[in-house]
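One structure is given here, and the rest of the page talks about it.
Bear in mind these aren't lab numbers, they're just calculated from the coordinates by the rules spelled out. What you are looking at is a predicted structure, and each value in this text was computed from that prediction instead of being measured. So basically every Cβ, Gly included, is an ideal-geometry build from the backbone, and we count neighbours across all protein chains shown.
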Amino acid sequence: MQNNSLLIDNTLKSMGIESLNPMQLAVLTANEKEKDMILLSPTGSGKTLAYLLPVLLSLNPNSQKVQALILAPARELAQQIEQVWRSMGTGYKVNSCFGGRPSNGEKRELMVPPAVLIGTPGRLQDHIERENFDVSDIRVLVLDEFDKSLEMGFVEQMEAIINRIPSLNKRMLTSATDAVSIPAFTGIKNPIKLDFSEKNNQLKGLQSYSVKGKNKDKMDLLYQLLCYLGNDSTLIFCNQRDVVEKVSAYLNERRVANEFFHGKLEQSDRERALSKFRNGSCTAFISTDLASRGLDIPEIKHVIHFDAPVRLDELVHRNGRTARMESEGSSYLLLASTEAIPLFVSPEPLVLSLPVLSSMPPKPDWSTIYIGKGKKDKVSKMDIVGFMFKKGLLAKDELGMVEVKEFYSYVAVKRSKVDAVLKLIENEKVKNMKVKIELAD
């Protein structure tokens, strides 16, 4: 136990975290009982670190095979889990596998097996069936956001994966709600259940409003609301992918900086949209319910339900993107003249009457530059930062978030400086490599 405490202390030090929150401490305490575990906890609560610490404590440094498998319903969540593990500074190799990119590169990575393997169910099932890695040493299985995996139809893939792993002795399942029953194929029996879900579906810092339009078309109503809200980060939910794209096209016509996101986009387009929203290059982000959980999008001020959610749990997950971790936020339910507030919405939101005229939302303070080199080219975040300071002649407060992906990077630059910076760096090399540099449109 003393070695475990030292390992945890060193991990927290690597992450710059002073102490664990009550939920994370409860998970560690429950882990000592060596039973399966169900953790009910909302997005943004620190649940990823909560279950990664028991995973870390389970690893055998003498094993050269995969020892822990983590299933996630979305590729962005798989990447986020991988990033958290890397930030822990454990020294153990980690990889993530997911659809939307060629599997051959993942197969090459798996030739040197990671101790921890993270992935979406379909891609992991494919690797297992092709015997691209040995499953015989896997002792720990994590089913992250299991309710979302069920909702997205991954039952067959998850069952196939679990049936192929012979030596599991620890299963951990996370969910945002207690609304789903646990299927027998998970093998979870007599688990310890830790309930840190939001009680009564209410977020302490959330203020909810309804906004009623005068006709059936809500596009103008949305624009009017965005003008009223100004330049705060806003997540707009639609129920269908085609509606997401129509809303984005409408906002583009109105010159409102926005990005859209749904499951049918190419991986590169999803990453670009998320990066621009995270770094403040756009303040309006339109998505299906795919963005209600799992995505690393901090500091969201407002949630707009362009389409009303169909079920209560969808409302809870959407609203859970704001007013997180003791912060304050607002949600807005847009209603056409023919629509009513769903019966499951309780308490009833306050009615917001919008002013007839408002100034259009100001342009974001930041713009995003695309640099066509990434991790696979041995380019690091510090390489990009140094390049932007030296060649782009930027001051410290003129450079924003830098994200280095596998094959390219995104850099936030003050909008007032971006044209001058692009001229300065357009023919420059990054680490002596010719590179494509352009505005990320």
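Miscellaneous remarks
- Summing charges over neighbours of residue 257, with a neighbour being any other residue whose Cβ is under 9 Å away from its Cβ, gives +2 when K and R count +1 and D and E count -1.
- Karplus-derived HN-Hα couplings along the stretch 166-179 (A = 6.51, B = -1.76, C = 1.60, θ = phi - 60°), whole Hz, x at Gly and Pro: x, 10, 5, 10, 8, 10, 10, 10, 10, 7, 7, 9, 9, 8
- Neighbour net charge for residue 337 - beta-carbon separation under 10 angstrom, K R +1, D E -1: +2
- The chain, relative contact order in percent, only Cα pairs under 8 angstrom and at least six apart counted: 15
- Available extension along the chain between residue 344 and residue 407 is 18.2 nm, counting 0.36 nm per residue and deducting the alpha carbon span.
- Its relative contact order, with pairs defined as Cα atoms under 8 Å and 6+ residues apart, puts the stretch 192-349 at 36 percent.
- Taking 15, 382, 88 in turn, the Gaussian network model of the chain (Cα-Cα springs below 10 Å) assigns the largest fluctuation to 382.
- Per-residue Cβ neighbour rank within 10 angstrom, fewest leading, 237, 344, 285, 306: 344, 306, 285, 237
- Sorted from greatest to least, the principal axis extents spanned by the alpha carbons of the stretch 366-439 come out as 31, 22, 19 Å.
- Leading residue at positive end of dipole, the chain (Cβ point charges), from 302, 112, 395: 395
- Net charge contributed by nearby residues that have their C-beta within less than 11 Å of residue 415 (K/R +1, D/E -1): 0
- For residue 390, a cut-off of 22 angstrom between C-alpha atoms picks up these lysines, skipping any fewer than 8 places away in its own chain: 373, 375, 378, 381, 405, 414, 417, 423, 429, 431, 434, 436.
- Point-to-point label distance, residue 63-residue 376, nm (Cα→Cβ direction, 7 Å offset): 3.0
- Cα centroid separation, the stretch 108-151 to the stretch 172-242 (Å): 28
- Convex hull of the chain built on C-alpha atoms - directionally averaged projected area, nm²: 22.1
- Shape descriptor for the stretch 217-351: Rg over Rh equals 0.93 (Cα atoms; Rh from the Kirkwood inverse mean 1/r).
- One decimal place: the segment residue 7-residue 358 gains 120.9 nm when fully extended, by the rule 0.36 nm per residue minus the C-alpha distance.
- Considering only beta bridges that DSSP places wholly inside the stretch 203-351, some 0 percent are antiparallel.
- Magnitude of the charge dipole, the chain, Cβ model with Lys/Arg +1 and Asp/Glu -1, debye to 20: 1080
- DSSP beta bridges confined to the chain are antiparallel in about 20 percent of cases.
- The stretch 2-197: proportion of alpha-carbon pairs further apart than 29 angstrom, %: 16
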